[in-house]
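In what follows, a single structure is set out as structure tokens and then discussed.
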Amino acid sequence: MLFKDLGLSAELLRAVEKQGYDEATPIQQQAIPLVLEGKDLLAGAQTGTGKTAGFTLPVLQRLQKSPNEGHKRHPRVLVLTPTRELAAQVHESVRDYGQYLPFRSAVIFGGVSINPQKQKLIRGVDIVVATPGRLLDHLQQRSIDLSKIEILVLDEADRMLDMGFIRDIRKILNVIPKQRQTLLFSATFSREIKVLASEFLKQPAEIQVTPQNTAAELVSQIVYPVDKHRKRELLAHQIGEGNWQQVLVFTRTKHGANKLAEQLAKDGITSAAIHGNKSQGARTSALANFKTGAVRVLVATDIAARGIDIEKLPHVVNFELPNIPEDYVHRIGRTARAGQEGNAVSLVCVDELKLLRDIERLLGSDIEKVNLPGYDIDPSIKAEPIRNGGGRNNGGNRGRSGNAPGGRNRSNASRGKPGGGARRAEHRGRSRGN
């Protein structure tokens, strides 16, 4: 189906054409008409499916149909995202698709000065894209008025729950109008998401364009069994042997990301690390250098990588397997986007064999194993328990209660409470702000 068949305005179609698109993705085909009708929406869509345009385009059109009244512009659309990278990405889409429309937008996240954000809000905006912690800062300082919000978008809601933002979300929803349109996008439809939807959405239409927890069909997956102490050597060998020019590598902890980036640099492979302890400037610079090819390898933790959108990323490497099987799907979904083929490599030591079995059980199939001479696992080595480096929370950041945000360090059997733990405040305190 073409965008021109979805009932979008001439200004929006012009912007879509300028971005080089004409055919809508499945999520866009299903979501756009429903949002235009004013319905609440519960949408299951993984990253790389085009979901951002799926809500940005119809939301902009709904604003077109009811111009802002009065001299002062109060925000009418609020988009909440889990990380600053994703907030920046969504805001970029708002600007790209709304470039021929008279709307103003602002992006709000921590890790940068709050004053420029205040000045922009004072001048008046129609659309705000924000992370929860920094938005609460603005609410507490009375630099934003959310009393006129007409449309609320919760983007990557599953991640916001995982990161412990449920309390923040509830605080924010308490100050916006109950009469509104609410759109919730999530990669998975867990029980927690269903509870959240029943609490905040009114008779929502429900769509799911990607079967839950399935890996992208165009991703070639391979596992290299390897001795734990030779992982970095094998990674450097594969990058050089295959002449890989753009590689996103996942580690379990922030310390591990820094260490690996430094080691690869010593091997002559330009590398940078990106995680929650890095300043916003450092994260933005590292990502920009990775996109342009100035940096060959970007080493990231799961949360820091959220929102990274590189259309033709060819290689994703799991230097360490994630503790949560679903995170494997999110990770490899960074490649094979926009119809491109992608390559997902996992370096698995004996300690991670149980994690690998959990992932294969989730996928419903085995992943091909290739033993490379000289690197494969010594059968005499016994597995050791994986030390939980924080799982999803970038290496052990703890909430104020001492529990990992979102309860992600708990066993799967105890994952019933949405969010759980103390408020993350954008990775342990708003001073870091994601």
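The values are calculated or read from the model by the stated rules, or taken from the named source; none is laboratory data. Everything numeric in this text was worked out from a predicted model, so none of it was measured. Note: ideal-geometry Cβ built from the backbone for every residue, glycine included; neighbour counts use all protein chains shown.
Structure data summary
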| read-out | value |
| --- | --- |
| Number of positions in the stretch 160-187 that are buried (at least 17 other Cβ atoms within 10 Å of the Cβ), in contact with a helix residue (DSSP H, G or I) (Cβ under 9 Å, 6 or more places away or on another chain) and not in a helix (DSSP H, G or I) | 10 |
| Qualifying residue in the stretch 347-357 (condition: at pLDDT below 80 and outside the structural domain of residue 49 (by TED's automatic domain parsing)) | no |
| The stretch 282-303, residues that are of a type in the set (A, V, I, L, M), outside any helix (DSSP H, G or I) and over 17 Å from residue 330 (Cα atoms) | 294, 295, 297 |
| Members of the stretch 304-341 found to be modelled with pLDDT of 90 or more, assigned to a loop (DSSP other than H, G, I, E, B) and of a type outside the set (Asp, Glu), listed by number | 319, 321, 322 |
| Number of positions in the stretch 263-281 that are touching a strand residue (DSSP E or B) at 6+ places or on another chain (Cβ under 8 Å) and not in a loop (DSSP other than H, G, I, E, B) | 6 |
| The stretch 345-368, residues that are in a loop (DSSP other than H, G, I, E, B), crowded, with 16+ Cβ neighbours inside 10 Å and under 26 Å from the mean Cα position of the chain (by Cα) | 367 |
